Amino acid sequence: MALTQADVLAGLKEIVEEVAGIPAASIELDKNFSDDLEVDSLSMVEVVVASEERFGVKIPDDQVTELKTVGDAVDFIVKASA
Amino acid sequence: MSAQRRVVVTGLGATTPIGGDASSTWAALLAGKSGARTLTEDWANTIPVNFAARVAVDPSEVMERVELRKLDRSEAFALIASREAWKDAGSPEVDNERLGVVIASGIGGVTTLLDQYDVLKEKGARSVSPYTVPMLMPNGPAAHVGLEFKARAGVHTPVSACASGAEAIGYAFEMIRNNRADVIISGGVEAAIHALPMAGFAAMKALSTRSDAPERASRPYDLDRDGFVLGEGGGVLILEEYEHAKARGAKIYCEIAGQGLTSDGFHIAAPDPDGSGVQRAIKFALADAGISTKDVVHLNAHATSTPAGDVAEANALRLALGAAADHVAVSATKSMTGHLLGGAGAIESVFLVKAIQDRMAPPTINIENLDPAVTVDVVRDKPRALPSGDIAALNDSFGFGGHNVVLVFKSVN
C-alpha cells in the first residue's frame, strides 16, 4: 500500500531529529537538508538507510544526490512505496 | 641566534575514573580514592577479569546525544578535557595558524570498530555507520579537537601504546620550541573497556584478577601485585610559549623544560630488566632541561602494578638518579586511576602540574607489603608535602613495543 505524504513527512521528521538533532517542528517540506538542517553527506547516508528501513523502500545511491529538500525525499519515498 | 623558546602550561583538563574534571580528580587523588569497580555489562562475566575503572562522569552527562552519536568514546573524552583545559587557560585569542593539537590514543576507536563489526554481521554492510572510519581512526580525538578550535598549525597523534599520552605532550613541547606554534592543546585519551581488548590483555596475563576487591587490585610496588586495572578517560594540557603566555597575562602553572625519548629494542611487551632504555631517557631528559638529579623532588612513575614492570622501572630510577633518588618522592597514581593506556601519560602530567602548584605529591594506595626489591622512596597511603622554592618533577611513561618517554616539569617563579 502506498504511503501518504503526511505519513512519510512525519516519519522523516523523526529520523532527521534523531540523526541531526533538529527539532521535528522546524522540519518542513521546503527545507534543504544541507543548507537548512545541517545534514551533511555522511549524516544523509544515515537518513537514507533509516528511511529505507522504516518505509520499506530502496533509495539507490545515484538518487540520493537528487534529494536536496525534505520534499524531494518525501516525494521519492511516496512514489517508491506505490 | 635568538634565545631558546620556553614552553609553559597554562591550562588543564581531565576526565578520569575518579573525577569529571582536573580539580575533582586531583582532590580524589590526594584523598586516595580508587576508581576501579565491578563492570555491569553482560559481557563482563564472559572474560577472566570483570572489573575496570570507568570514568566517574559519563560523557552522556555532559554532552548532547546528537553530538555523541558521531563520536567514539575516546573522541568524546578528548573534547571534554580539551574544553575544560581551554577554558582554564582563559580561552586565549590565538592566531589559528599558530595553534596546534597533539592528542594521542593507544588503541584508537576500538569499541566503535568492534560495535560496527557486530552491526555488519547482524544487519549487513548498508547499516554500518558512515561515521565508522572517522570514529575508529586513532587520530580522531586530535582531529575533532582541531576542528572545534580551528587549529591550523598541525594536528598530530603519536602512537606508542601506553607511552602515547606522554609522547604527545613531548611532541607538542617540541612544536612550540621549534617555533611551529605558540599554543598547543595536548594530551592523551583512551576508551578501550570492552570484552575484546580486556580478553587480549588478560591473555597476556597483564591484568589483575583480584575480582573480589577491585578497588584493592591496582597495587603498584606491593608484593602481591598481579597486574594492572584497565582505566578510561583522558587528560589535556594547554602548552604555550612563555612570552606569549606572559603577554596575555595568562596564569602560568609551570614549565615543561625537557624530554627524553628512547626505545628498548628488547621485547614486544616485556620490560628490559636492565632498564637501560629508561635510564637513558631520564639522562637525556635532564640534560635537555639543563638540570641535574638533585633538582628533582618528585616523580610520577609508570608503575602499572605488574610483577615485572614495577621493579624494572624502580631499578632503572635508582640507577639513573643515584643517591639523589633518596629525595625524590615517587608516586604511582595508577593505584587509584587504573591504567589509561594512551591517556595515562597525559593524566599523570596533569597530576605533576597540580603537584608542583600545590607542592604535594599524591599517595600510592594499596601497598600492604612493600616489595623489598623496590629501592625508591615511594609515597605511601597519604600525600606528602614537596619543598618550596625551585623544583622539578618527572613523568615516566613506557609502552608495549619498548617505548620510553620522560618529561621534565619545572616550577616557574
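Does segment A:5-81 come out rounded, prolate or oblate by the C-alpha gyration tensor, with a ≥ b ≥ c the root eigenvalues, rounded set by a/c under 1.5 and, if not, prolate when a/b is larger than b/c and oblate if not? Let's see the in-between values first.
Numbers: a/c = 1.41, a/b = 1.19, b/c = 1.18.
It comes out rounded by the Cα gyration axes.
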Can you list the equivalent-ellipsoid semi-axes of segment B:7-247, largest first and in whole Å, using the square root of 5 times each Cα gyration tensor eigenvalue?
31, 23, 15
Magnitude of the charge dipole, segment B:229-385, Cβ model with Lys/Arg +1 and Asp/Glu -1, debye to 20
440 debye
If N is the number of residues in the protein assembly as shown, what value comes out of its Cα radius of gyration divided by 2.2 N^0.38 Å?
1.06
For chain B, modelled as a Gaussian network with Cα springs under 10 Å, which listed residue fluctuates most, B:LEU286, B:LEU223, B:LEU340?
B:LEU223
Most mobile of B:HIS302, B:HIS144, B:HIS339 in a GNM of chain B (Cα contacts under 10 Å)
B:HIS144
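Order these by the 10 Å Cβ neighbour count, fewest first: B:TYR117, B:TYR171, B:TYR242.
B:TYR117, B:TYR242, B:TYR171
Suppose the chain between B:ARG180 and B:SER127 were pulled fully straight at 0.36 nm per residue; how much longer would it get relative to their current alpha carbon spacing?
Working: separation 53, 0.36 × 53 = 19.08 nm, distance 4.21 nm.
Gain on stretching B:ARG180 to B:SER127: 14.9 nm.
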Dipole of the protein assembly as shown, positive direction: furthest Cα of B:PRO372, B:VAL408, A:VAL8, with charges on the beta-carbon:
B:PRO372
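Give me B:ASP377, B:ASP272 sorted ascending by neighbouring Cβ count inside 10 Å, so fewest comes first. Before the final figure, lay out each step's value.
Numbers: B:ASP377 16, B:ASP272 19.
With the fewest neighbours first, B:ASP377, B:ASP272 line up as B:ASP377, B:ASP272.
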Spelling out what I want: for every residue of segment B:316-323, take phi, set θ = phi - 60°, compute 6.51 cos²θ - 1.76 cosθ + 1.60 (Karplus), and round to whole Hz; glycine and proline get x.
5, 4, 4, 5, 6, 8, x, 4
If you take the square roots of the eigenvalues of the alpha-carbon gyration tensor of chain B and sort them as a ≥ b ≥ c, do you get rounded (a/c under 1.5), prolate (a/b over b/c) or oblate?
oblate
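For chain A, which DSSP H helices look membrane-span-like by this rule: Cα extent along the axis of 20 Å or more and mean Kyte-Doolittle of at least 0.0? Don't skip to the answer; put the middle values down first.
Numbers: long enough: A:5-20 (21 Å, 0.52); A:41-55 (21 Å, 0.65).
TM-like helix candidates: A:5-20, A:41-55.
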For B:LYS33, give me every one of the lysines with a C-alpha distance below 24 angstrom, ignoring sequence neighbours fewer than eight places off in its own chain.
B:LYS334, B:LYS354, B:LYS382
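Report the relative contact order of segment B:126-224, percent, no decimals, based on alpha-carbon pairs under 8 angstrom and at least 6 residues apart.
Values: 45 pairs, mean separation 14.2, N = 99.
Contact order relative to length: 14 percent.
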Cα gyration tensor category, rounded, prolate or oblate, for segment B:258-410 with a/c compared to 1.5
rounded
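Under a Cβ-only charge scheme (Lys and Arg +1, Asp and Glu -1), can you give me the dipole magnitude of the protein assembly as shown about the Cα centre, in debye to the nearest 20?
Working: 44 positive and 66 negative charges, 294 e Å.
Approximately 1420 debye in magnitude.
May I ask you to sort B:MET135, B:MET360 by Cβ crowding, counting other Cβ atoms within 10 Å and putting the fewest first? Provide the component values of the computation, followed by the final result.
Values: B:MET135 24, B:MET360 20.
In order of increasing Cβ crowding within 10 Å: B:MET360, B:MET135.
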Using a 10 Å cut-off on Cβ to Cβ distances, tally the other chain neighbours for every residue of B:124-131 and report the average as a whole number.
4
Would you look at the GNM of chain B, springs on alpha carbons closer than 10 Å, and say which of B:ALA125, B:ALA269, B:ALA392 moves the most?
B:ALA125
Give me the percent relative contact order of chain B, please, defined on Cα pairs under 8 angstrom at least 6 residues apart.
23 percent
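Dipole size in debye (nearest 20) for segment B:112-153 around its Cα centre, Lys and Arg Cβ +1, Asp and Glu Cβ -1?
Taking the Cα centre of segment B:112-153 as origin, the dipole is about 180 debye.
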Give the lysines reachable from A:LYS79 as a straight Cα distance under 25 Å; neighbours fewer than 8 places away on the same chain don't count.
A:LYS13, A:LYS31, A:LYS58, A:LYS68
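Which whole-number percent gives the relative contact order of segment A:5-81, counting Cα pairs below 8 Å spaced six or more residues apart?
Values: 75 pairs, mean separation 29.9, N = 77.
Value for segment A:5-81: 39 percent.
Bear in mind that the values in this text are calculations on the coordinates, not laboratory data. None of the values given here were measured: they were computed from a predicted structure. Here the Cβ is made from the backbone with ideal geometry for all residues, glycine too, and neighbour counts use every protein chain on show.
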